[in-house]
Amino acid sequence: MTDKTYNYKLKYLADSDDMQPKKHSTDLRANVGEVIQIDNGDFHCVVKINQLKTAAQLELSKSGQTADEAYLLATQYEHLPEG
């Protein structure tokens, strides 16, 4: 078990509004292509990770009600990198 907490800033490629959480904390390191559930309950696929001066930033695709739906939407919107 790890005591490390990863803190991320969030950037939305779709569904962006002032009500969306701006930050996400987790005990698991985020990876491109995986789906995370943020504090408001929505699922988003991580499509890019940017290293900023003060924190890492996750770029998130369109939200889904399930992890599978979020991944499918990221594919349909062509937000995931090729390869």
Where a residue in region 1-22 is free of Cβ contacts under 8 Å to residues at least 24 places away in the same chain and assigned to a loop (DSSP other than H, G, I, E, B) and its partner, wherever it lies, is surrounded by 13 or more Cβ atoms within 10 Å (Cβ to Cβ) and among the polar types (S, T, N, Q), with Cβ under 9 Å and at least six apart: Thr5/Thr26; Gln20/Ser63
Tally, over region 41-63, of residues that are under 9 Å from the mean Cα position of the chain (by Cα), closer than 9 Å to Ala74 by Cβ and not hydrophobic (A, V, I, L, M, F, W, C): 2
Selection count, region 1-25, where residues are surrounded by 14 or more Cβ atoms within 10 Å (Cβ to Cβ), out of contact with any His (no Cβ under 6 Å at 6 or more places or on another chain) and modelled with pLDDT of 95 or more: 5
Complete set of residues in region 30-83 that are farther than 13 Å from Leu13 by Cβ, in a loop (DSSP other than H, G, I, E, B) and among the polar types (S, T, N, Q): Asn31, Asn40, Thr54, Gln65, Thr66
Flag for His44 being at negative phi and in contact (Cβ under 8 Å) with a residue 60 or more places away in the chain: no
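The values are calculated or read from the model by the stated rules, or taken from the named source; none is laboratory data. Quantities reported herein were computed from a predicted structural model and do not represent experimental measurements. FYI the Cβ positions are ideal-geometry reconstructions off the backbone, even for glycines, and counts take in every protein chain you see.
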